[in-house]
Amino acid sequence: MKHELEQVLSKNPKFLVDGVLNKNRLAELARQYSPELLNQLMSNEKITNHFFSKLQNGALVFKKDIFLQFLNNKEFLPDSFTAYKTKIGLGTSDRNYLSENKEVVLNFPYKDCVLEGGQTKDDVKRQEIFFNETLAPAEINRLLDEKVFSNFKRYDKDGEHEVEELKDIDNLIIKGNNLLALHSLKKRFAGKVKLIYIDVPYNTGSDSFGYNDRFNHSTWLTFMKNRLEIAKAMLSNDGVIFIHLDNNEVKYLGILLDEIFGRENFVELVTVVNNPRGRDYGGIANMHEFIYVYKKPFAELNLVDDPNKQFKYSDEYGGFDIRELRNRNTAFHIGNRPNLVYPIYVDPTSEDESGFYKVSEMQTENYSIEVLPKKSRGIQTVWRWGKPKFIENKNINVMAKAMKDGGWSIQEKYRKSSVMARSVWWDKDVNSEKGTIHIQELFGEKVFMFPKPEGTIKRIIEIATNEGDIVLDFFMGSGTTVAVAHKMNRQYIGIEQMDYIETVSVERLKKVIDGEQGGISKDVNWTGGGSFVYCELKNDAQDFKNTVLEARESETLSQLFEQAKKSSFLSYRVDPKKLKKSAFEKLSLAEQKQVLLELVDNNNLYVNYSEIDDSGYGISLEEKKLNRDFYGEE
């Protein structure tokens, strides 16, 4: 792009000084929307596509800020691949610092980049590739293109089966890079996920996020930004996201979340007392972690159970409190919920000892008073229940109450011992020790560090979802989220790129299907059943890596060495001309294997769906059919 832009602009001598492009003059012309400059840029299709947006009527709009960023980037300053200042701070959108402007956003190195994050093992420390959104648009487009899924398997109580078709209600477990998997899920699930829960890498050096980058802090922020942006697109209009983390990044992540989800959609920063004894280091014994909660505009959170609840009223069915059947949230109105506006009729002669009156869906001589949801600020509000549910509950869980002003209010008899979720969780259900003990009981040993207890996830799922809703966890880890979702009859999607997905996460779900009784099983009367589909992002290099690991002779490895030199997955750090076979053959078998595995670039492993018919990838007809089903194509 840099070379093409220089060529196009250099054709106009007015843009040159001593034969060199005058960047200051070009910046001035860009700010003035100079027709001469714009016409010069539009003479090249690739440059037009990058620096202009096309409207429905065909008109082109110049993306001035993107052009200026490109012009002033250190691609014209080769010591940096990012336009942002190499400093962590609260900055402004024009890349100045807080002291220079009142408009605050979060700036950090590499913020304008996409970090793929290709790690597959806990013990691997590796440099990662940053693709800059302005300087490497082609690379980013290819990176985030829909990928091919492979190795489909269905698991149920009868074991493992071939997948013949994909159903809309299937639970999905996906092995592969979570950024790429999310972009591949977008076409099928965008706007459909009710709850996202993620237990993010804590960036402490002791967890799996161990990238060898000198800007480790900003690496983490970039890593999260890329994933949270696509996560937002997955949420339904009434969806909620819960993000679990410790105190290492909580301040910066909160500002980033405000930027992505909108400060007005912040719900709470929940404190989870997961270690009541505290940690014996750091000066003050830390006892807790945090969960950020953000919502989409139409989200409503459920109440949670309170075992000490005292009811104000009682009848033959038990204790109850009352709450208005009208939905007070004016985001829900007759325009978008017309089926929730219908008349309810009151019998004014039917008062009981508690002051409630009978109701009906039909007007009769006795049921003579019509009641509709009240208007609020001129907006016609709606009932919280549809008419069929009202009919089913009338005079049992729905009654009328006379108001002092002579009007009538329709009330639900709320019998659940529930309260609004609190912002501090300190009970034993969220104790992290419970998660560790549960995993040890399931596997007979400690196969995963710091698994979350099922009680924590149960509470989140109760707050944010109802049965049948879709739950997404793209840092699946040991599989706590999907295990709890399975037991609570929620549809789920779990994504994990680490190799333990097969030995821990999938095996745990198989035990859930078999009816394991740990965690929340007894609380929800879990007895087993259900199914899930496992699949992987098609890995261009995985067959190569497997062949390397299985090789028993140096001759085989020498052949693979020649194959790697010509492959598409050769690391960008490797100069093929410097790979000498004679030197390779002098290594031991173990050393040869190590060299071959390190030649593979984990950032370039996955096959794009657009290339599914390329015979070189060896994709079977069955897998092609399932991929076309998944992406909604014939």
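The values are calculated or read from the model by the stated rules, or taken from the named source; none is laboratory data. These numbers were taken from a predicted model, which means no experiment stands behind them. FYI the Cβ positions are ideal-geometry reconstructions off the backbone, even for glycines, and counts take in every protein chain you see.
Residues considered: Ser417, Ser360, Ser376. Of these, the only one that is within 21 Å of Val341 (Cβ to Cβ) and surrounded by 16 or more Cβ atoms within 10 Å (Cβ to Cβ) is Ser360.
Taking the condition surrounded by fewer than 22 Cβ atoms within 10 Å (Cβ to Cβ), in contact (Cβ under 8 Å) with a residue 60 or more places away in the chain and hydrophobic (A, V, I, L, M, F, W, C), does Ala464 pass?
Values: surrounded by fewer than 22 Cβ atoms within 10 Å (Cβ to Cβ): no; in contact (Cβ under 8 Å) with a residue 60 or more places away in the chain: yes; hydrophobic (A, V, I, L, M, F, W, C): yes.
No; evaluated as a whole, the condition is false for this residue.
A search for C-beta distances below 7 Å between a residue of region 528-554 that is touching a residue at least 60 places away in the same chain (Cβ under 8 Å) and any residue that is of a type in the set (Gly, Ala, Ser) and not in a helix (DSSP H, G or I), counting only pairs 6+ apart in sequence or on different chains, returns Gly528/Gly515; Cys535/Ser150; Glu536/Ser150; Glu536/Gly176; Leu537/Gly176; Lys538/Ser150; Asp540/Ser568.
Take Phe298 and tell me if it is in the same structural domain as Lys458 (by the TED database) and either closer than 27 Å to Lys194 by Cα or in a strand (DSSP E or B) (or both). Even if it seems obvious, please write down each step before you answer.
Working: in the same structural domain as Lys458 (by the TED database): yes; either closer than 27 Å to Lys194 by Cα or in a strand (DSSP E or B) (or both): yes.
So Phe298 passes the test.
Just to be sure before I move on: is Leu325 buried (at least 17 other Cβ atoms within 10 Å of the Cβ) and either farther than 15 Å from Lys394 by Cα or in the same structural domain as Asp258 (by the TED database) (or both) in the structure I sent? Can you show your working first?
On the way: buried (at least 17 other Cβ atoms within 10 Å of the Cβ): yes; either farther than 15 Å from Lys394 by Cα or in the same structural domain as Asp258 (by the TED database) (or both): no.
Considered against the rule, which asks whether it is buried (at least 17 other Cβ atoms within 10 Å of the Cβ) and either farther than 15 Å from Lys394 by Cα or in the same structural domain as Asp258 (by the TED database) (or both), Leu325 comes out as no.
Taking the numbered list (1) surrounded by 17 or more Cβ atoms within 10 Å (Cβ to Cβ); (2) free of Cβ contacts under 8 Å to residues at least 60 places away in the same chain in turn, Trp385 passes all entries but (2). Determine whether region 345-355 contains at least one residue that is of a type in the set (D, E, K, R), in a loop (DSSP other than H, G, I, E, B), on the phi > 0 side of the Ramachandran plot and modelled with pLDDT under 95. No: zero hits.
Where helices (runs of 4 or more DSSP H) sit wholly within region 496-585, those with at least 2 residues that are more than 27 Å from the chain's Cα centre (by Cα) occupy 542-550, 554-565, 581-584.
Would you confirm whether or not region 297-313 contains a residue that is within 16 Å of Phe390 (Cα to Cα), touching a residue at least 12 places away in the same chain (Cβ under 8 Å) and in contact with a Ser or Thr (Cβ under 6 Å, 6 or more places away or on another chain)? So that I can check it myself, show each step before the final result.
So the first thing to find is which residues in region 297-313 are within 16 Å of Phe390 (Cα to Cα), and the list is none.
So far as region 297-313 goes, no, none of its residues is within 16 Å of Phe390 (Cα to Cα), touching a residue at least 12 places away in the same chain (Cβ under 8 Å) and in contact with a Ser or Thr (Cβ under 6 Å, 6 or more places away or on another chain).
The sole residue among Asn336, Asn366 that is part of a loop (DSSP other than H, G, I, E, B), touching an Asp or Glu at 6+ places or on another chain (Cβ under 7 Å) and either aliphatic (A, V, I, L, M) or over 18 Å from Tyr313 (Cβ atoms) (or both) is Asn366.
Okay, residues lined up against (1) modelled with pLDDT under 90; (2) under 30 Å from Ala331 (Cα atoms):
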residue	(1), (2)
Lys375	no, yes
Pro388	no, yes
Ser417	yes, yes
Gly435	no, no
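Would you point out the residue of region 16-36, among those that are part of a helix (DSSP H, G or I) and free of Cβ contacts under 8 Å to residues at least 24 places away in the same chain, that is surrounded by the fewest Cβ atoms within 10 Å (Cβ to Cβ)? Give the steps one after another, and end with the answer.
We begin by selecting, within region 16-36, every residue part of a helix (DSSP H, G or I); these are 23-31, 35-36.
Retained after the next criterion (residues that are free of Cβ contacts under 8 Å to residues at least 24 places away in the same chain): 24-25, 28-29, 35.
Details: Asn24: 11, Arg25: 15, Glu28: 12, Leu29: 18, Pro35: 9.
Here the residue is Pro35.
Tell me whether region 381-390 contains one or more residues that are more than 28 Å from the chain's Cα centre (by Cα) and at positive phi. No, that holds for no residue. For Phe290, are the conditions met, namely being of a type in the set (Phe, Trp, Tyr) and either in contact with a His (Cβ under 8 Å, 6 or more places away or on another chain) or free of Cβ contacts under 8 Å to residues at least 12 places away in the same chain (or both)? Judged against the criteria, Phe290 is a match. Note on region 586-623: residues that are within 36 Å of the chain's Cα centre (by Cα) and either crowded, with 17+ Cβ neighbours inside 10 Å or modelled with pLDDT under 85 (or both) amount to 22.
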